[in-house]
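Each value in this text was obtained by applying a stated rule to the coordinates, not by laboratory testing. If you're wondering where the values come from, they're calculated on a predicted model, not measured in any experiment. In this analysis, Cβ positions are derived from the backbone assuming ideal geometry, glycine residues included, and neighbour counts consider all displayed protein chains.
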């Protein structure tokens, strides 16, 4: 099976359709991936306006093309200390609508084959399992994928309530 | 759902709305061929299209109606009350099927046999005989068509389809065909002209356009700020400014719909209710063409219906009672809409029994809403407003129409939710007027920008009644405490205070009031009056309201967000929710003032003056004309020739300086001046003063020996004070300054 898959991969290298395009984001020393299909826009150096009394995972509001976007702080979700200074913003689209995701920095766009993808390991703790959508086995490291659907503020507040 | 069906639904609904209007008119003019033709066409169109789309149930019902209408059109029947009632039922039947189609994309399983039978019954016996004949021919021998058919589908088709052979009687034979042809020809022509000049647009597209225009307004504000230094750019940005203003107005206009869209529902309601209540009512409608934003129109539909129901149930008396009281047995219900400035006034007037103030007084005391002592002191007008207090209902008997005690407070809540106001005026035995004041649009509202927690917040001007500044050194004496409740004595009455920073960030140490500037925004929200304490004030701005995501909506304190002229985001505070969250209770006694503050404005405000001092002399400015008070550095004042003017974001304000304030401090570059900005006719003027002293009620003065009121002076605090004559402020010289002038009221960054 694996040799067949490998043969197929070589064949299909030219056609990008079978390959997943992934935008990498950096958070402290960790790197995560976001499927590019869910990204509407990348906004550099956003300055979100804090919202008093908002749920803790809300990173504030940003002005995006005539709308006011609610942003989610990835640092908070992953239990990392807040960061001083500006952060990059990914404008993501989920089934519920659009929202912003605050990360330390946006990196390069990679292509990876679905064959290298594996779902979340069972030993991953509950909280992270809800946010991650498996990982890609890259040459040198593992690229942990974020699940944009699960990062939607509506989902997060529902999950917190539950 | 496919495009064709959607279009069919919209068209049919419009047709049915038209039919409804015509039916109520038809009751008054039963022989009006034009009306009958119009109704016939609505039903005929539905029948025609529906057959094509394959909605069998709808087609059958429309067909039954069309038969009856055909008889009316040919003059074989006169539209009497039972027929109109039958047609109204037909209308409801058609509507409910359309609703089902809209929801589920199919017609549903409903049973229309009873209705079809009733419609058949309304037709003259000739028709019944013809049907029987038809039956014989079709071979369906069983059921009698004059009875409501138990199983309509197999039996109605034969009853109705072979109409042609039955109409062998020569008189009828020729009539229907040409008439049909005629109307079929007439319709496309009429539609053609309408189709050329109008266009259906999705509301979400309009919302999007409104959003983008809001965006453009913000960008323009920023461009204006950035380019004000460069003279070459000034001309261009001025042009951008004008185009933006025009565009904004056009898009806002596109969202406007005439009030007739909801007024037209009323004749039917009035008809049904007056019949079931045994009233005789004539409905008069005025100002149907007045336009209002679509979303607002939707929002006032329920309150308006409620008010109309109330008028019929509690207002207009039964005919015998009216005759006994010496009135016309037929009561009058008047709906009136008119635009007043940036508001639309909607009035529901009836000439019924009116509201007995005594009853209200008694009831209010009984329910403990007000003390007997206080009740005896209050004016009739104030007492009347008590009917808006939750749980108050004067209906002696509970009817199924109204009087369950959940009436007028819901009307008020709904109207206030969209930034409107409602008040009632009534004279026992004479009638009642309910007046709703609705803002023209919700998308852009005037707001005061306040600062707290190093952030800007927008406070809607609609709820704001006044501002009080308490400098740090006065804070400890001016803000009084009962346990942990802060209070401020506003003109002798205790005003509960809410500190915005403490409310938004509980559990954190905040600066004490004595360590900072305090500004109290006195707010009236849903009958709750309180002072919101903030750290600072910025300019008033016209803000574009942007909705918040559902997650942030649940916080409850913010009604939206906006982008300010300096590109900063600001949350829009919701005064009503803040009052609730902070536990400011609804003081019924104060609730009265909410209604009163608006209505009293005309009577009382004419007498209230802003007392100012200009170069050592006191003068009075009518408070009703005062828009705002600006404190600014003297160098902001510029001159056109000898005339001092102020430049507000490109809008010129002539400054009146008859007091010589400017001359007195000229040459001092650090000097600050105070300008009272007033409305005069359709322009704004500024008055330079050295101090603003107080607000006081003026007393009339009479010229000695006459009963003639003196003009130009008033009695303020027992001193004869001159009133500034705003009309005398000369307009700016014609020329470049003039066009910009008429645009005041535009967004100010």
1/(1 + (r/R0)^6) with r = Cβ-Cβ of residue B:725 and residue A:47, R0 = 51 Å, i.e. FRET efficiency to nearest 0.05, evaluates to 0.55
If you line up the long axis of helix A:2-12 against the longest principal axis of chain A, both from Cα atoms, how many degrees apart are they, to the nearest 10? 80 degrees
Relative packing of B:276-282, B:423-429, which averages over residues the other C-beta atoms within 10 Å, highest first: B:423-429, B:276-282
Please report Rg (one decimal) and Dmax (integer) in Å for the Cα set of segment B:1-119. 13.7, 41
Say each of residue B:487 and residue A:26 gets a label point 7 Å from the Cα, pointing the same way as Cα to Cβ; how far apart are those two points in nm? 6.0 nm
Looking at the square roots a ≥ b ≥ c of the eigenvalues of the Cα gyration tensor of segment B:295-362, which shape do they give, rounded for a/c under 1.5, prolate if a/b is larger than b/c, or oblate? prolate
At 7 Å along Cα-to-Cβ for each site, give me the label-to-label distance between residue B:663 and residue B:624 in nm. 3.3 nm
Compute the distance in nm between two label points, each set 7 Å from the Cα along the Cα-to-Cβ direction, one at residue B:691 and one at residue B:208. 5.9 nm
Express in whole angstrom the spacing between the alpha-carbon centres of segment B:247-284 and segment B:341-390. 26 Å
Assign one of three labels to segment B:203-254, namely rounded, prolate or oblate, based on the Cα gyration tensor with a ≥ b ≥ c the square roots of its eigenvalues; rounded applies when a/c is under 1.5, prolate when it is not and a/b is larger than b/c, and oblate otherwise. prolate
Between rounded, prolate and oblate, where does chain A land on the alpha carbon gyration tensor, with a ≥ b ≥ c its root eigenvalues, rounded for a/c under 1.5, else prolate if a/b exceeds b/c? prolate
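Place the peptides A:111-117, B:197-203, B:684-690, B:566-572 in order of packing, highest mean first, counting for every residue the other Cβ atoms within 10 Å and averaging per peptide. Intermediate results must be reported in sequence, preceding the final value.
Working: A:111-117: 14.9, B:197-203: 8.1, B:684-690: 24.1, B:566-572: 19.6.
With the highest mean Cβ count within 10 Å placed first, the list reads B:684-690, B:566-572, A:111-117, B:197-203.
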Summarise the long-distance tail of P(r) for segment B:199-329 by giving the % of C-alpha pairs beyond 25 Å. 53 percent
So, R0 is 56 Å and r is the distance between the beta-carbons of residue B:305 and residue B:494; what FRET efficiency does that work out to, to 0.05? 0.90
Inter-part distance where segment B:551-576 and segment B:501-542 are each reduced to a Cα centre, Å: 15 Å
I'd like the distance between the alpha-carbon centres of segment B:606-641 and segment B:428-455, rounded to an integer number of Å. 26 Å
Could you list A:23, B:678 so that the one with the fewest beta carbons within 10 Å of its beta carbon is first and the one with the most is last? A:23, B:678
Express the relative contact order of chain A as a whole percentage, based on alpha carbon pairs under 8 Å and six or more residues apart in sequence. 24 percent
At a Förster radius of 56 Å, what calculated FRET efficiency corresponds to the Cβ-Cβ distance of residue A:115 and residue B:539, to the nearest 0.05? 0.40
Residues B:613, B:656, sorted so that the one with the fewest Cβ neighbours within 10 Å comes first: B:613, B:656
